[in-house]
Amino acid sequence: MGLRFAVDTGGTFTDLMVADEDNVLSMHKASTTPSDPIAGVIDSLKVASEAAGQSLADFLGRGDVLVHGTTHAINAIVTGSTASTAFLTTEGHPDTLVFREGGRIEPFNFTVPYMEPYVPKALTFEVPERIMASGSIKKPLDEAAVVAILDGLKERNVEAIAVCFLWSVVNPVHELAVGALIEKHCPGIPYTLSHRINPSIREYRRASSTCIDASLKPLMGAYMRGLEQRLRDAGFNGRVLVVTSQGGVMDAGQVAEAPVHLINSGPSMAPLAAKIYGGAERDETLIVGDTGGTTFDVSLVRRGRVPRSREAWLGQPFRSHMTGMPSVDVKSIGAGGGSIAWVDAGGLLHVGPKSAGAVPGPVCYGRGGTRPTLTDAALVLGFIDEAFFLGGRMALDKAGAIEAIRSQVAEPLGKSVEAAAVDIVGLATEHMVQAIMDITVNQGIDQTQATFVAGGGAAGLNCVAIAKRLGCRRVLVTEAGAALSASGALISDLTAHYQAMFHTRSDSFDLEGVNGVLADLMRACQTFADGPGSGAGLVEVDWATEARYVDQAWEIEVPLRTDRFTGKDEVAALVSDFHQMHKDIFAVSDPAAEIETVGWNAEVRCRLGSGVPGRLARDEHPVRLPSRRVHFLDGDWVETDVWRFESILEGQEVTGPAIVESDFTSIVIDPKAVARRDARGNLVISI
């Protein structure tokens, strides 16, 4: 096997992990280029090739696989850069995207404007047709009306078409017919049919995912083609895979046909990396915080599983659009190394959500940034060595950071520069803590019994402070934690997710019907394994059902122990697992109540590599580096020992106050905290 590359494009830096033929890892970073993200990918590969002492073409020529995590899809949605999309829906139901599912963050605040629908009403068209919940046709499809609509779309220069009819998940005949008409009358215009992209109930969610997918197809198709072509031009002839929201990878060409899977590409890999590199025990809960330059992403690993959700919002809940697709449950807030600190007219300090990003970046980068950031504050406090950023490849302007904080934060607040910097880091820490509590409290997790896994280049600045605020007793920073998502992508499996709708109750369980659905899903999984997954070292299928108490409004996902039900024992196990899952999430259950299932899911995972996490190459730097003065959040200036992360031996302890540095991160070990390297190379910090 040749080289394997994993590239994660963030808001500030593009992270690259490289695994060589012996599974020895190296980590590299390059600045992200927002105007051309692929250029950032190529730049990171150039940095790696230079470190290897080879030309880029020769270096890439050794590669077998490149895995890419990208924010290009979500950025397009946020900036309104998606394709002009038409929405075709059942006659009499034009307001699905307007009504959504209701709900408000503030139930008594009626002044908050309701968000515009994802597809404007001017591009929403009612199609004469009607299929009932039973699958019977109440009103046949009026094909002449469809053709008239399509002719009008060509005049409007529509670039994509989304089709979502009522109960197409039971009988898709009308959607299929419209798809054929689109191909005949609008050749070349991409389209999405709802029963294919998201065969589930919940009309708004299915319609929303269909429209989002269609709107991304022109953009992401061009992006994937450009990515593959530019990699080929640079000398890479291997397989290009892309990270999906479900926590797996898919071939670039395949995912371009279903780009809704890319919305949470990148952040979905952090919990996977935490699970594998952290070696989570079955009963252990990991709280995963991935701190980049622009965002702070929170996720979980619980009982050895990474929780998923269909309620993925593209912004604030109820004030934005929902993808409606199963994805790794990640909460993101605008808090990272590049988050801008500012004082409002009332004299209150804010940190974020706006970020300096990669361009111009924090003031200390010396690239034209003028507004102080979290990174500037960390530099002023001594958390970061101004001469050793990115391993010394990038010198930082400490004087510029001090002046920016003095003039824009310290003086308006009437404080010293050091006190203002402490407040900036402290407030950013509090934002991150609240984001964690939002996701843990909602799932009934006792944070004091969990381990906080810190990832991302800026994670070490306040990971101990976050854990202390949460009451966690342990912090874990993986060896490759500065590029946590990229390290997860490097060992991820090729995956495909299939789902089907079938309703049954536990007290009248339809064995034949359920087994028929599961058999169909297994055939789809096998087809994938025999096709894109051919040659995999291991193929596994994970099963789950979406279940609820009878007459409940919402379902929860429950893992299945079997792919075939033979009698009462399997049904009883499912019911028991549902009650336990319900109690885990909501802290209550009703063991005497019956349950009903509405959806069935299968995920096939094909392992392309060894699946064994690699280790970073041995470091030749001395374990002890020159000490420096550091201002800790709860104290004053202290002459502090500085340690080289990669040179700390297994079992060796580092007692705070201390700083543990690598080329790509700086980890602040508060006074009285104790850090040590474990057998996997992780830095484990006891609070």
**Q.** Cβ pairs under 6 Å, 6+ apart, first in the range 404-426 and of a type in the set (Asp, Glu), second open to solvent by less than 60 Å² (accessible area, probe 1.4 Å) and not in a helix (DSSP H, G or I)
**A.** GLU418/HIS631; ASP423/LEU349
Q. Do any strands (runs of 3 or more DSSP E) entirely within the range 589-681 hold 2 or more residues that are under 23 Å from ARG393 (Cα atoms) and touching a Lys or Arg at 6+ places or on another chain (Cβ under 8 Å), and if so, which?
A. 624-631, 637-644, 658-661
Q) Just a yes or no: is a residue in the range 223-230 hydroxyl-bearing (Ser, Thr, Tyr) and surrounded by fewer than 24 Cβ atoms within 10 Å (Cβ to Cβ)? A) yes
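On the given criteria, is VAL330 open to solvent by less than 40 Å² (accessible area, probe 1.4 Å), at pLDDT 90 or above and either of a type in the set (Asp, Glu) or within 20 Å of MET437 (Cα to Cα) (or both)?
Details: open to solvent by less than 40 Å² (accessible area, probe 1.4 Å): yes; at pLDDT 90 or above: no; either of a type in the set (Asp, Glu) or within 20 Å of MET437 (Cα to Cα) (or both): yes.
Spelling it out, it is not the case that VAL330 is open to solvent by less than 40 Å² (accessible area, probe 1.4 Å), at pLDDT 90 or above and either of a type in the set (Asp, Glu) or within 20 Å of MET437 (Cα to Cα) (or both).
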Q) What residue, of PHE502, PHE452, is outside any helix (DSSP H, G or I), aromatic (Phe, Trp, Tyr) and open to solvent by 10 Å² or more (accessible area, probe 1.4 Å)? A) PHE502
Q: Would you check which residues across the range 559-582 are open to solvent by less than 60 Å² (accessible area, probe 1.4 Å), farther than 18 Å from GLY599 by Cβ and part of a loop (DSSP other than H, G, I, E, B) and list them?
A: GLY567
Q | Candidates LEU150, LEU216, LEU176, LEU181 - the one that is within 35 Å of the chain's Cα centre (by Cα), modelled with pLDDT of 95 or more and open to solvent by less than 60 Å² (accessible area, probe 1.4 Å) | A | LEU216
Q) List pairs: first in the range 151-172 and at negative phi, second open to solvent by 20 Å² or more (accessible area, probe 1.4 Å) and among the basic types (Lys, Arg), Cβ under 9 Å, 6+ apart or cross-chain? A) GLU159/LYS217; ALA160/LYS217; PHE165/ARG130; LEU166/ARG130; PRO172/ARG196
**Q.** Odd one out for GLU411 among (1) assigned to a helix (DSSP H, G or I); (2) open to solvent by less than 50 Å² (accessible area, probe 1.4 Å)
**A.** (2)
Q) Where residues in the range 185-213 are open to solvent by less than 10 Å² (accessible area, probe 1.4 Å) and outside any helix (DSSP H, G or I), which of them is farthest from ASN264 (Cα to Cα)? A) CYS186
Q. Regarding ALA256, is this residue open to solvent by less than 20 Å² (accessible area, probe 1.4 Å) and either at pLDDT below 85 or farther than 30 Å from GLU479 by Cβ (or both)?
A. yes
Q) Checking ARG202 against (1) under 25 Å from the mean Cα position of the chain (by Cα); (2) within 29 Å of HIS68 (Cβ to Cβ), which test does it fail? A) (2)
Q: Scan the range 120-147 for residues that are crowded, with 18+ Cβ neighbours inside 10 Å and of a type outside the set (S, T, N, Q) and jot them down.
A: LEU123, PHE125, VAL127, GLU129, ARG130, ILE131, LEU141, VAL146
(Q) Contact list please: Cβ distance under 6 Å, first residue in the range 354-382 and on the phi > 0 side of the Ramachandran plot, second residue part of a loop (DSSP other than H, G, I, E, B) and surrounded by fewer than 24 Cβ atoms within 10 Å (Cβ to Cβ), pairs at least six apart or on different chains. (A) GLY357/GLY11; GLY361/ARG367; GLY366/ASP397; GLY368/PRO360
Q: Scan the helices (runs of 4 or more DSSP H) fully inside the range 1-110 and keep the ones with 2 or more residues being under 26 Å from SER268 (Cβ atoms) and under 26 Å from the mean Cα position of the chain (by Cα).
A: 37-52, 72-79
Q: Quick one: count up the residues across the range 670-687 that are among the aliphatic types (A, V, I, L, M), open to solvent by 60 Å² or more (accessible area, probe 1.4 Å) and without any contact (Cβ under 8 Å) to a residue 60 or more places away in the chain.
A: 1
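For the structure I just gave you, tell me whether ILE263 is at pLDDT 85 or above and in contact with a helix residue (DSSP H, G or I) (Cβ under 6 Å, 6 or more places away or on another chain).
Values: at pLDDT 85 or above: yes; in contact with a helix residue (DSSP H, G or I) (Cβ under 6 Å, 6 or more places away or on another chain): yes.
When the stated conditions are applied, ILE263 passes them.
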Q.
Consider the range 297-315. How many of its residues are assigned to a strand (DSSP E or B), closer than 28 Å to SER339 by Cα and touching a residue at least 24 places away in the same chain (Cβ under 8 Å)?
A. 6
Q: All but one of (1) open to solvent by 30 Å² or more (accessible area, probe 1.4 Å); (2) part of a loop (DSSP other than H, G, I, E, B); (3) under 28 Å from PRO626 (Cβ atoms); (4) not aliphatic (A, V, I, L, M) hold for GLU418, so report the exception by its number.
A: (2)
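The values are calculated or read from the model by the stated rules, or taken from the named source; none is laboratory data. The structure presented is a predicted model; accordingly, all values stated were derived computationally and were not measured. Because the Cβ atoms are built from the backbone with ideal geometry, glycine has one as well, and the counts that use them run over all protein chains shown. Keep in mind that these areas ignore ligands, DNA and RNA; they rest on the heavy atoms of the full protein, side chains included. Shrake-Rupley method; radii C 1.70, N 1.55, O 1.52, S 1.80 Å.
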